[in-house]
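Peer 1: Sharing a structure here in structure tokens format.
The values are calculated or read from the model by the stated rules, or taken from the named source; none is laboratory data. Computed from a predicted model, the values in this text were never measured in an experiment. Every residue, glycine as well, gets a Cβ built from its backbone with ideal geometry; the counts of neighbours run over all protein chains shown. Protein only, heavy atoms only, side chains kept; ligands, DNA and RNA dropped before computing areas. Shrake-Rupley method; radii C 1.70, N 1.55, O 1.52, S 1.80 Å.
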Amino acid sequence: MPKTASNLGNPIAQNPIALVWHRRDLRIDDNPALSEAIAQVGDRGIVLGVFIFDPDILDDGVTEGSKVDFMLGCLRELQANYRRLGSDLLFMLGQPVNSICELAKAVKASHVFFNQDVEPFAIKRDREATNALQELGIKVQSFIDIGLIAPDAIATQAGEPYKVYTPFWRNWQAKLKPKPFDAPQKLTGLASYENLPVISLPSLRELKFINDITLPKAGEAAAIELLEAFCDGNGILRYQTERDFPAHAGTSTLSPHLRFGTVGIRRVWEKAIVAEQLVRSEEEATGITTWKQELAWREFYQHVLFYFPELETGAYRPQMRNFPWDDDEEKFVAWCEGRTGYPIVDAAMRQLNQTGWMHNRCRMIVASFLTKDLIINWQWGERYFMQKLLDGDLAANNGGWQWSASSGMDPKPLRIFNPASQARKYDPEGEYILRWLPELQGLTTAELLSGNIPPHQCKKRDYPLPIVDHSIQQQKFKQLYKDCKASP
Ligand SMILES: Cc1cc2nc3c(=O)[nH]c(=O)nc-3n(C[C@H](O)[C@H](O)[C@H](O)COP(=O)(O)OP(=O)(O)OC[C@H]3O[C@@H](n4cnc5c(N)ncnc54)[C@H](O)[C@@H]3O)c2cc1C
């Protein structure tokens, strides 16, 4: 059973020096590892933050400059916060297990605190780090942080992990949620930081990345600003009616912050509960419940990844593991670049490429298009999303892709989105399409939505003709899916 902040052992006896190892919790507010470090070392103790740049992650071929740039912004602010409180956030570059041990020895740490993750890679790293630190006689404590309810604190009546969202939600929403941890007011740091195996916060260039997109504001203050704007204003109240229209600012856009942990999930939940107490209509209440359901989707995917780590490498449904995908590279490039000739798909891909974020409705549309219309392996799309999305997160991304590809746990798996119907329903004026495809100005709304654009108009605008025919491709996919299901 993972430790929570309330069931820890006795305070440290002498000369306590605690390291708080930050990874995807780049904040001081509502941070269980940091709060507990302070509580444990007490007034006599020193609390230092550390962040380790892992070359294996930086060089994994998926991590892009935009994401690293956003993260550096978060780290810059986190370090400023540590310094303002009287301590420091230290940086290291190296293999994480060796690095944390090296630093712990150098500062003579008595404790290392960190918040847990659910990704297989992180679980393995943390297990190894815990063992190595304990061998050095250092106490290690870790905490539930990325979700409100720990994976082992919720199960079906049969005691099994949930595989279906709706019963998960019913049980999850009824569970008592933890309260946020207050931000610290003061920290004590080292008298001197000389001769430590640390580096200054590297620049993007020093890490050998470039970024050419304009990023949203990074860091904790920006996250709180977004959260307050959404929950104190009308955003959360109108969420149910607005959230599916990509031309509207109808969602919180908190996802990059939840990904890097610049806002604590308990703080987010608290805000939703406060908003709930002020609702004036059924519609507003539904808005808040629907938003809470999305937070529960996030947690559902974290839990299934925790219990079924094999999801990371392939389809959940065995029948889909050998699906005969077409895997046409030229079509894949057209999809990535937003040049499929389907305006709603292309607009969404341009939004992704130019901002590092894509509206949820559009994520579903482009994922369905890649898998059901282009018949390309969902893992290609999953990887491209991980490259481009600032909120790229293994659990949510894999969950979203497996749902869209009909390869996941979804009990009603065969969903095929018709891009034209989706556009008509969710972008009825073609406002979103035109925002990202300005070259289509002057076409009729019907042409924008249906994608039936006269060839001479496409030529004039250097816009591609549709690279596939939706009705033919969906028939083809259905047949392949049927054959696959029938195969032993
Ligand atoms: C193919 C596909 C891939 C996706 N990849 C990611 C990803 O890499 N990272 C990611 O955070 N989300 C992913 N999502 C889920 C969802 O699209 C984004 O979380 C959402 O668009 C973020 O915008 P927001 O912050 O305004 O969300 P809001 O609508 O304001 O929701 C609040 C928060 O709830 C969580 N959330 C909302 N919807 C979902 C969902 N369907 N699944 C899981 N969590 C959700 C997010 O943390 C989000 O910030 C993916 C969805 C699909 C269909």
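Peer 1: Can you tell me how many residues in region 372-382 are open to solvent by 10 Å² or more (accessible area, probe 1.4 Å) and either more than 10 Å from the ligand (Cβ to nearest atom) or closer than 16 Å to ARG339 by Cβ (or both)?
Peer 2: 3
Peer 1: For region 67-95, what are the residues that are open to solvent by less than 40 Å² (accessible area, probe 1.4 Å) and assigned to a strand (DSSP E or B)?
Peer 2: At the first step, the residues of region 67-95 found to be open to solvent by less than 40 Å² (accessible area, probe 1.4 Å) are 67-68, 70-75, 78-79, 81-82, 85, 87-92, 94.
Residues satisfying the conditions are LEU89, LEU90, PHE91, MET92.
Peer 1: Shifting gears a bit: For region 165-175, state whether one or more residues are closer than 30 Å to ILE344 by Cα and surrounded by fewer than 20 Cβ atoms within 10 Å (Cβ to Cβ). Write out each step before concluding.
Peer 2: Within region 165-175, the first condition is being closer than 30 Å to ILE344 by Cα, and the residues that meet it are 165-166.
Narrowing the set further to residues that are surrounded by fewer than 20 Cβ atoms within 10 Å (Cβ to Cβ) leaves 166.
Among the residues of region 165-175, at least one is closer than 30 Å to ILE344 by Cα and surrounded by fewer than 20 Cβ atoms within 10 Å (Cβ to Cβ), which makes the answer yes.
Peer 1: Quick one: PHE245 ticks every box in (1) of a type in the set (Phe, Trp, Tyr); (2) under 19 Å from the mean Cα position of the chain (by Cα); (3) within 13 Å of the ligand (Cβ to nearest atom) except a single one, so which number is it?
Peer 2: The single condition PHE245 does not satisfy is (2).
Peer 1: Go through region 261-293 and report how many residues are surrounded by 17 or more Cβ atoms within 10 Å (Cβ to Cβ) and outside any helix (DSSP H, G or I).
Peer 2: 4
Peer 1: Among the numbered conditions (1) surrounded by 15 or more Cβ atoms within 10 Å (Cβ to Cβ); (2) within 15 Å of the ligand (Cβ to nearest atom), tell me where ARG317 comes up short.
Peer 2: Every condition holds for ARG317 apart from (2).
Peer 1: Could you grab me the full set of residues in region 408-438 that are open to solvent by less than 10 Å² (accessible area, probe 1.4 Å), assigned to a helix (DSSP H, G or I) and within 16 Å of the ligand (Cβ to nearest atom)?
Peer 2: Initial filter on region 408-438 (open to solvent by less than 10 Å² (accessible area, probe 1.4 Å)): 408, 419, 423, 427, 430, 432-433, 437.
With the extra rule that they be assigned to a helix (DSSP H, G or I), the set shrinks to 419, 423, 432-433.
If the condition is that a residue be open to solvent by less than 10 Å² (accessible area, probe 1.4 Å), assigned to a helix (DSSP H, G or I) and within 16 Å of the ligand (Cβ to nearest atom), then PRO419, TYR432 are the ones that fit.
Peer 1: Step by step: first the residues of region 309-334, then only those that are in a loop (DSSP other than H, G, I, E, B) and under 26 Å from the mean Cα position of the chain (by Cα), then the one that is modelled with the lowest pLDDT. Which residue is that? Walk me through how you get there before you give the answer.
Peer 2: Restricting attention to region 309-334, the residues satisfying the condition of being in a loop (DSSP other than H, G, I, E, B) are 314-317, 323-328.
Checking which are under 26 Å from the mean Cα position of the chain (by Cα) leaves us with 314-317.
Details: GLY314: 94, ALA315: 94, TYR316: 92, ARG317: 89.
Once the filter is applied, the top-ranked residue is ARG317.
Peer 1: Oh, and also: For PHE323, all conditions in the list (1) touching a Cys at 6+ places or on another chain (Cβ under 7 Å); (2) within 12 Å of the ligand (Cβ to nearest atom) hold save one; what is the number of the exception?
Peer 2: For PHE323, the exception is condition (2).
Peer 1: Out of (1) open to solvent by 30 Å² or more (accessible area, probe 1.4 Å); (2) part of a loop (DSSP other than H, G, I, E, B); (3) in contact with a Ser or Thr (Cβ under 9 Å, 6 or more places away or on another chain), the odd one out for GLN240 is which?
Peer 2: Answer for GLN240: the failing condition is (2).
Peer 1: Select, from ALA347, ALA367, the only residue that is under 21 Å from PRO256 (Cα atoms), assigned to a helix (DSSP H, G or I) and near the ligand (Cβ under 9 Å from one of its atoms). Give the derivation first.
Peer 2: Working: ALA347 fails: near the ligand (Cβ under 9 Å from one of its atoms).
Exactly one of ALA347, ALA367 is under 21 Å from PRO256 (Cα atoms), assigned to a helix (DSSP H, G or I) and near the ligand (Cβ under 9 Å from one of its atoms), namely ALA367.
Peer 1: If I filter region 248-260 down to residues being in a helix (DSSP H, G or I) and closer than 26 Å to LEU437 by Cα, which single residue comes out as farthest from the ligand (Cβ to nearest atom)? Can you show your working first?
Peer 2: Step one: filter region 248-260 for residues in a helix (DSSP H, G or I), giving 255-260.
Now narrow it down to the ones that are closer than 26 Å to LEU437 by Cα: 255-256.
Details: SER255: 3, PRO256: 8 Å.
Checked region 248-260; the qualifying residue farthest from the ligand (Cβ to nearest atom) is PRO256.
Peer 1: Does ALA132 satisfy the criteria of being over 30 Å from ARG84 (Cα atoms), of a type in the set (A, V, I, L, M), outside any loop (DSSP other than H, G, I, E, B) and in contact with a helix residue (DSSP H, G or I) (Cβ under 9 Å, 6 or more places away or on another chain)?
Peer 2: On the way: over 30 Å from ARG84 (Cα atoms): yes; of a type in the set (A, V, I, L, M): yes; outside any loop (DSSP other than H, G, I, E, B): yes; in contact with a helix residue (DSSP H, G or I) (Cβ under 9 Å, 6 or more places away or on another chain): yes.
Yes; evaluated as a whole, the condition is true for this residue.
Peer 1: Also: Give the residue that is nearest to ASP25 (Cα to Cα), with candidates limited to residues of region 159-215 that are within 25 Å of the chain's Cα centre (by Cα) and of a type in the set (S, T, N, Q). Before you say what the answer is, go through the steps one by one.
Peer 2: As a first pass, look at region 159-215 and keep what is within 25 Å of the chain's Cα centre (by Cα): 161-183, 201-205, 207-215.
When the remaining residues are screened for being of a type in the set (S, T, N, Q), the result is 166, 171, 173, 203, 211, 214.
Values: THR166: 28, ASN171: 26, GLN173: 24, SER203: 20, ASN211: 23, THR214: 23 Å.
Selected residue: SER203.
Peer 1: Still on this structure, please answer the following. Restricting to region 450-459, and then to whatever is open to solvent by 20 Å² or more (accessible area, probe 1.4 Å) and not hydroxyl-bearing (Ser, Thr, Tyr), can you tell me which residue is farthest from HIS359 (Cα to Cα)? Give the steps one after another, and end with the answer.
Peer 2: Filtering region 450-459 down to residues open to solvent by 20 Å² or more (accessible area, probe 1.4 Å) leaves 450, 452, 454-457, 459.
Those left that are additionally not hydroxyl-bearing (Ser, Thr, Tyr): 452, 454-457, 459.
Working: ASN452: 24, PRO454: 28, PRO455: 29, HIS456: 31, GLN457: 28, LYS459: 29 Å.
For region 450-459, the residue satisfying everything is HIS456.
Peer 1: Which one of these is among the β-branched types (Val, Ile, Thr) and more than 16 Å from SER142 (Cβ to Cβ): ILE46, ILE52? Break it down stepwise before answering.
Peer 2: On the way: ILE52 fails: more than 16 Å from SER142 (Cβ to Cβ).
That would be ILE46, the only listed residue that is among the β-branched types (Val, Ile, Thr) and more than 16 Å from SER142 (Cβ to Cβ).
Peer 1: Out of region 187-223, which residues are part of a helix (DSSP H, G or I) and open to solvent by 50 Å² or more (accessible area, probe 1.4 Å)? Spell out the reasoning first.
Peer 2: Here is the first cut: in region 187-223, the residues part of a helix (DSSP H, G or I) are 220-223.
Listed by number, the list holds a single entry, ALA221.
One line per residue, one yes/no per condition, for (1) more than 10 Å from the ligand (Cβ to nearest atom); (2) over 22 Å from ASN353 (Cα atoms):
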| site | (1), (2) |
| --- | --- |
| ALA218 | yes, no |
| VAL263 | no, yes |
| VAL279 | yes, yes |
| GLN293 | no, yes |
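Peer 1: Okay, moving on. Considering only residues that are more than 18 Å from ARG23 (Cβ to Cβ) and open to solvent by 40 Å² or more (accessible area, probe 1.4 Å), which ones fall in region 106-154?
Peer 2: Those that are more than 18 Å from ARG23 (Cβ to Cβ) and open to solvent by 40 Å² or more (accessible area, probe 1.4 Å): ALA106, LYS108, GLN134, GLU135, LEU136, GLY137, LYS139, ASP152, ALA153.
Peer 1: Filter region 350-363 down to the residues that are more than 9 Å from the ligand (Cβ to nearest atom) and open to solvent by less than 30 Å² (accessible area, probe 1.4 Å), then identify the one that is farthest from the chain's Cα centre (by Cα). Steps first, please.
Peer 2: Let us first name the residues in region 350-363 that are more than 9 Å from the ligand (Cβ to nearest atom), namely 350-356.
Now restrict to residues that are open to solvent by less than 30 Å² (accessible area, probe 1.4 Å): 351-352, 356.
Details: GLN351: 17, LEU352: 14, GLY356: 12 Å.
Selected residue: GLN351.
For every residue, the table says whether it meets (1) buried (at least 23 other Cβ atoms within 10 Å of the Cβ); (2) modelled with pLDDT under 95.
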site: CYS336; (1), (2): no, no
site: ARG339; (1), (2): no, no
site: PRO343; (1), (2): yes, no
site: ILE365; (1), (2): yes, no
site: LEU370; (1), (2): yes, no
site: TYR384; (1), (2): no, no
site: GLN387; (1), (2): no, no
site: TRP401; (1), (2): yes, no
site: SER406; (1), (2): yes, yes
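Peer 1: While we're looking at this one, here's another question. Determine the pairs where a residue that is under 13 Å from THR444 (Cα atoms), located within region 418-434, has a partner that is open to solvent by less than 50 Å² (accessible area, probe 1.4 Å) and part of a loop (DSSP other than H, G, I, E, B) with Cβ atoms under 7 Å apart, the partner being 6 or more residues away or on another chain.
Peer 2: GLU431/ALA247; ILE433/ASP427
Peer 1: Shifting gears a bit: Considering only residues that are in a loop (DSSP other than H, G, I, E, B) and among the small types (Gly, Ala, Ser), which ones fall in region 18-50? Full working, then the answer.
Peer 2: Filtering region 18-50 for residues in a loop (DSSP other than H, G, I, E, B) gives 23-31, 42-45.
Residues satisfying the conditions are GLY42, GLY45.
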